[in-house]
Amino acid sequence: MVTSELRLETVDSTMEAAKSLAATQDFLLVTAEEQTLGKGTRGRVWQSLPGNIYMTIGVNRRHLPPARLALLPLEMGLHLWEAAAAAVSPSQRSGLHLKWPNDLLLLGSKAGGILMESHGEFLLVGLGINVAGAPPVGDGGTPSACLAQAGMPVDGKDALVEDIYRRVREAAREADAYDSEAVLLQWQGKVDWQRLHGLRDRAGTPSVLPMSVNKHGHLQVRHADGSREWLVSEYLV
Ligand code: BTN
């Protein structure tokens with residue numbers, strides 16, 4: 001397996017650095033201590049507090065059979081959850097959940113997010129994980145948390161980065177064993193199905209309760225009036 005790894009002090013965005021690095025490798029990893037133009041989903045800014053994780057993993061598409069693509073956002077969320085769960089105090093693990101499709105929540109507040117972009121032959125998976133600090137959230141987004149609040153040592157950043165990178169590579173190598181039903185089942189086990197969410201980009205931020213997820217990775221929610229809707233691309237807060 002050919003890999004390239006780049007560990008930077010300061011960069012605009014690890015996504016952009018990964019694009020510059022991408023060639024014919026199997027996997028890429030770019031990390032930075034600080035980002036000056038960190039990108040969140042839907043064009044939002046991802047803030048750069050010191051002591052948090054900013055990383056992008058590149059996976060060459062030859063390791064991603066088409067059958068795996070639909071649930072890839074959920075699968076990446078699972079890798080994030082599993083690695084974070086191993087990093088926090090065992091007594092705090094029950095406070096970790098996934099919010100569709102792949103936000104990491106600690107006691108309902110956001111401790112990590114994933115941005116996925118396509119670049120040539122690569123799928124780029126950018127992960128921002130709050131370890132030492134929880135950035136203030138001022139634009140109606142989900143309140144934030146950091147994993148240190150759940151007992152993760154702040155010097156455990158590198159180990160967490162390596163753990164996620166290893167999980168992504170191992171899953172790609174074991175492509176023959178891929179089981180979409182297992183991904184769905186595991187993902188469902190990480191969601192807090194009792195928690196109400198708001199549809200952030202809709203007028204009035206209507207509250208919805210998550211109900212189920214299908215084989216395409218779409219989320220079914222129930223509105224306050226009892227009606228149900230399948231979400232394909234929405235932002236839940
Ligand atoms: C989200 O909005 O929830 C996704 C946030 C993704 C942030 C990470 S930090 C590392 C990588 N580089 C970026 O510019 N964004 C992603």
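The values are calculated or read from the model by the stated rules, or taken from the named source; none is laboratory data. Please read all numbers here as calculations on a predicted model, not as lab measurements. A quick note on method: Cβ atoms are made from the backbone with ideal geometry, for glycine too, and the neighbour counts reach across all protein chains shown.
GLY112 falls short of the stated requirement of being part of a helix (DSSP H, G or I), surrounded by 14 or more Cβ atoms within 10 Å (Cβ to Cβ) and either outside the structural domain of LEU72 (by TED's automatic domain parsing) or not aliphatic (A, V, I, L, M) (or both).
Would you mind stating whether ASP158 is more than 17 Å from TYR235 (Cβ to Cβ), among the charged types (D, E, K, R) and either out of contact with any Gly (no Cβ under 8 Å at 6 or more places or on another chain) or surrounded by 14 or more Cβ atoms within 10 Å (Cβ to Cβ) (or both)? Before the answer, list the steps.
Numbers: more than 17 Å from TYR235 (Cβ to Cβ): yes; among the charged types (D, E, K, R): yes; either out of contact with any Gly (no Cβ under 8 Å at 6 or more places or on another chain) or surrounded by 14 or more Cβ atoms within 10 Å (Cβ to Cβ) (or both): yes.
Yes.
For segment 65-82, which residues satisfy the criterion of being touching an Asp or Glu at 6+ places or on another chain (Cβ under 9 Å) and at pLDDT below 95? Hit for segment 65-82 is ARG68, nothing else.
Tell me which residues, restricted to segment 203-237, are in a strand (DSSP E or B) and in contact (Cβ under 8 Å) with a residue 60 or more places away in the chain.
Applying the first criterion (in a strand (DSSP E or B)) to segment 203-237 yields 207-213, 219-223, 228-231, 236.
Answer for segment 203-237, where residues must be in a strand (DSSP E or B) and in contact (Cβ under 8 Å) with a residue 60 or more places away in the chain: PRO210, VAL213, LEU219, LEU231, LEU236.
Take ALA134 and decide whether it is closer than 24 Å to ASN52 by Cβ, assigned to a loop (DSSP other than H, G, I, E, B) and modelled with pLDDT of 95 or more. Yes: the conditions hold for ALA134. Can you pull out every residue in segment 99-109 that is over 9 Å from the mean Cα position of the chain (by Cα) and within 18 Å of LEU231 (Cβ to Cβ)? Of everything in segment 99-109, those that are over 9 Å from the mean Cα position of the chain (by Cα) and within 18 Å of LEU231 (Cβ to Cβ) turn out to be LYS99, TRP100, LEU105. Counting only strands (runs of 3 or more DSSP E) that fall entirely inside segment 1-93 and contain at least 2 residues that are within 9 Å of the ligand (Cβ to nearest atom), the qualifying elements are 27-35, 53-60.
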